[in-house]
1. Classify segment 71-120 as rounded, prolate or oblate, taking a ≥ b ≥ c as the square roots of the eigenvalues of its Cα gyration tensor: rounded when a/c is under 1.5, otherwise prolate if a/b is larger than b/c and oblate if not.
2. Taking just the alpha-carbon atoms of the chain, what radius of gyration and Dmax come out, in angstrom?
3. Between residue 22 and residue 48, what is the FRET efficiency for a Förster distance of 25 Å, r being their Cβ-Cβ separation, to the nearest 0.05?
4. Which cross-chain or sequence-distant (5 or more) residues have an amide H under 5 Å from the amide H of residue 11, H modelled 1.01 Å from N in plane?
5. Go ahead and estimate [θ] at 222 nm for the chain from helices alone: -39,500 (n - 2.57) per DSSP H run with n ≥ 4, summed, over the residue count, rounded to 500.
6. Which of the GluC sites (Glu not before Pro) across segment 38-137 are loop residues per DSSP, with 14 or fewer other Cβ within 10 Å?
7. What number comes out for accessible area per residue over segment 52-135 if the probe is 1.4 Å? Units Å², please.
8. Leaving ligands, DNA and RNA out of it, report the carbon-plus-sulfur percent of the accessible area of the chain at a 1.4 Å probe.
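The values are calculated or read from the model by the stated rules, or taken from the named source; none is laboratory data. The model shown is predicted, which means the values in this text are computed figures rather than measured ones. Positions of Cβ are backbone-derived with ideal geometry, glycine not excepted, and every protein chain shown enters the neighbour counts. SASA here: full protein model, heavy atoms, side chains in, ligands and nucleic acids out. Shrake-Rupley method; radii C 1.70, N 1.55, O 1.52, S 1.80 Å.
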Amino acid sequence: MGTWSAEPFGNDDAADWAWELDDATDWGVVLDALTDVLDDEPADVDSDSATLVIAAAEVLAHHAGAPTQSDAYTESVEAFVKRAPEPPAGINDVALKALDIAASPDGELAQLWAEGGGDEWETAVARVRAVLSGSAR
């Protein structure tokens, strides 16, 4: 996995996934990324799936008007949010559950980040979580 920052779209997998939003007409692609991990134990979630959960949660942060990352890597996200209908009711709750699984210390992605730069990554995930839970300042 090519990673250049701890931000939600700071890696190849998430940046590539954002391109899927270019053709999306509804929240299905976001919901698919989030629900992909819901039935898994954190230790069973690979880093690629976890990365997409975090990126999908960031799309919801953009929809809430409180993005944690706004740069060239999120242009597809911003365009999607502008044209998309309202997201399904309860999607933030789904995203928060998925984030708990994807960012669990028992998961592969958290373990990879713990090897170097874990604090920065944990802070980035916490910022997204705060937006979705309504506790962002």
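1. oblate
2. When restricted to the Cα atoms of the chain, Rg and Dmax are 13.4, 40 Å.
3. Numbers: r = 20 Å, r/R0 = 0.80.
After rounding to 0.05, the efficiency reads 0.80.
4. 4
5. Numbers: 7 runs with 78 residues, N = 137.
Calculated mean residue ellipticity at 222 nm is -17500 deg cm²/dmol.
6. Values: sites: 58, 75, 78, 108, 115, 120, 122; in loops: 115.
For GluC sites (Glu not before Pro) across segment 38-137 that sit outside H, G, I, E and B with at most 14 neighbouring Cβ atoms in 10 Å, the list reads 115.
7. Numbers: 4010 Å² over 84 residues.
Here the per-residue accessible area is 48 Å².
8. Values: 3140 of 6860 Å².
Here carbon and sulfur together make up 46 percent of the probe-accessible area.
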